[in-house]
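A short write-up of the structure that comes next.
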Amino acid sequence: MDDTIIEQIAAPFSKSPSPIVETVALSLKFGRQVVLKDISIQIPKGQTVAIIGESGCGKTMFLKTIVGLVTPSAGKVIFDGQDIHTLNDREMTGLRKRFGFVFQNAALFDSMTINENVGFPLRQHGVPRGRKAESMILDGLAEVGLPSDVALKKPSQLSGGMRKRVGLARALILQPDLLLYDEPTTGLDPIMSDVINELMLRTRKRYPVTSMIVTHDMHSARRVADRIIMLYPYSRLKPGESQILFDGPPDLLDTTQDRRVKQFVQGEAGERLMEMLTSRGHGDLETTNLHDSIAKKVTLEE
Ligand SMILES: Nc1ncnc2c1ncn2[C@@H]1O[C@H](COP(=O)(O)OP(=O)(O)OP(=O)(O)O)[C@@H](O)[C@H]1O
Ligand SMILES: [Mg+2]
């Protein structure tokens, strides 16, 4: 499929008359490291967008910049018509009520019980303690498949997957307009991953939430997303290339001609393995064993 056809099919995803989220030439740097460069997207209300891309390409930073947890080096984030990085603290607090964030590592308060963690947004936004709040918390826990007896436990007493679901219950409790999930199914068993996928779909049926889901789980992305955006590490782009390698409906992933997108979607290392080995000290992998494995592979292929 040529680029013109892809652009035509993807057009409704990138241009919307009234997007709820818009980034305009958004850039983020840490010192001399460019993490995000000139990212411009528009997300219509009610859309579910999966953000994919390899580790370190900037997915988490992208989400955090969108909700004002990280300040961009350049560009704008417009949420429901407001440039969020120009708001004062009071205005920002008001806006936060409309965002739900499921953090990559759950990010629960260790000293609080599960009850208090899930109810934290309620207290922050003025819902008084009491029966109503209690029942909202228990409903929230039930919704993510957690029994009520976890309510009085501390996060350290739960498994990683359970903590993840507590983070999800906390993000959902105020029925926010924009839900951001950072790897909601990573570390969960296949059944629990599917429970989370179902929950994301169910939330969306219940009210017109807009969602951005960072995920490495292509099964989950295809199942829940209307649109997939693939980011690529800025440092490895060719001159003048966009950091967004793919932006379109999940079906189009299978017809994309971009080798890097294909490799990611099909889960192949391709020449990335060699690149990581040659840039010593930049990979996460244990290089000695990896060199052995590659040597074996090369020998076998010969
Ligand atoms: N506080 C920070 N200071 C300096 N660099 C940072 C900071 N936070 C993130 N980075 C860098 O920004 C880049 C993007 O990080 P980010 O967490 O967004 O990656 P990611 O795509 O979410 O990766 P993963 O899939 O592993 O979670 C990384 O190179 C990371 O080292
Ligand atoms: Mg991340």
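Asp189: crowded, with 17+ Cβ neighbours inside 10 Å, charged (D, E, K, R) and touching a residue at least 12 places away in the same chain (Cβ under 8 Å), yes or no?
Against the criterion (crowded, with 17+ Cβ neighbours inside 10 Å, charged (D, E, K, R) and touching a residue at least 12 places away in the same chain (Cβ under 8 Å)), Asp189 does not qualify.
Which of the residues belonging to segment 219-249 are more than 16 Å from the chain's Cα centre (by Cα) and in a helix (DSSP H, G or I)?
Tyr234, Ser235, Arg236
How many residues does segment 186-218 hold that are among the hydrophobic types (A, V, I, L, M, F, W, C) and over 19 Å from the mean Cα position of the chain (by Cα)?
1
Go through the residues of segment 202-209 one by one and say whether even a single one is closer than 22 Å to Thr65 by Cα and not in a helix (DSSP H, G or I).
Yes, segment 202-209 contains a residue that is closer than 22 Å to Thr65 by Cα and not in a helix (DSSP H, G or I).
Mind checking which residues of segment 28-77 are of a type in the set (D, E, K, R), more than 8 Å from ligand 1 (Cβ to nearest atom) and within 17 Å of Ile213 (Cα to Cα)?
Residue satisfying the conditions is Lys45 alone.
Do we find a residue being more than 21 Å from Ile114 (Cβ to Cβ) and surrounded by fewer than 21 Cβ atoms within 10 Å (Cβ to Cβ) anywhere in segment 165-174?
no
Filter segment 96-120 down to the residues that are of a type outside the set (Phe, Trp, Tyr) and at pLDDT below 90 and list them by number.
Result: Arg96, Lys97, Val102, Gln104, Asn105, Ala106, Ala107.
Residue by residue, here is whether (1) polar (S, T, N, Q); (2) exposed (fewer than 15 other Cβ atoms within 10 Å of the Cβ) holds:
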{"position": "Ser111", "(1), (2)": "yes, yes"}
{"position": "Leu122", "(1), (2)": "no, no"}
{"position": "Val127", "(1), (2)": "no, no"}
{"position": "Glu134", "(1), (2)": "no, yes"}
{"position": "Gly140", "(1), (2)": "no, no"}
{"position": "Gly145", "(1), (2)": "no, no"}
{"position": "Pro155", "(1), (2)": "no, no"}
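Under 9 Å between Cβ atoms, at least 6 apart or on separate chains: pull out the pairs that start in segment 59-75 with a residue that is more than 13 Å from ligand 2 (Cβ to nearest atom) and end on any residue that is at pLDDT below 95 and among the basic types (Lys, Arg).
Close Cβ pairs satisfying both conditions: Val67/Arg96; Gly68/Arg96.
Kindly indicate which of Ile213, Ile196, Ile294 is modelled with pLDDT of 90 or more and either assigned by TED's automatic domain parsing to the domain that holds Asp80 or outside any loop (DSSP other than H, G, I, E, B) (or both).
Ile213
Quick check: anything in segment 81-104 on the phi > 0 side of the Ramachandran plot, within 16 Å of ligand 1 (Cβ to nearest atom) and in contact (Cβ under 8 Å) with a residue 60 or more places away in the chain?
No; the residues of segment 81-104 include none that is on the phi > 0 side of the Ramachandran plot, within 16 Å of ligand 1 (Cβ to nearest atom) and in contact (Cβ under 8 Å) with a residue 60 or more places away in the chain.
If you take the residues in segment 198-240 that are within 16 Å of ligand 1 (Cβ to nearest atom) and among the polar types (S, T, N, Q), which one is nearest to Thr60 (Cα to Cα)?
My answer is Thr215.
Search segment 174-188 for residues being charged (D, E, K, R) and assigned to a loop (DSSP other than H, G, I, E, B), and hand back the single one that is nearest to ligand 2 (Cβ to nearest atom).
That would be Glu183.
The values are calculated or read from the model by the stated rules, or taken from the named source; none is laboratory data. Since the structure is predicted, the reported quantities are computational estimates derived from the model, not experimental observations. Here the Cβ is made from the backbone with ideal geometry for all residues, glycine too, and neighbour counts use every protein chain on show.
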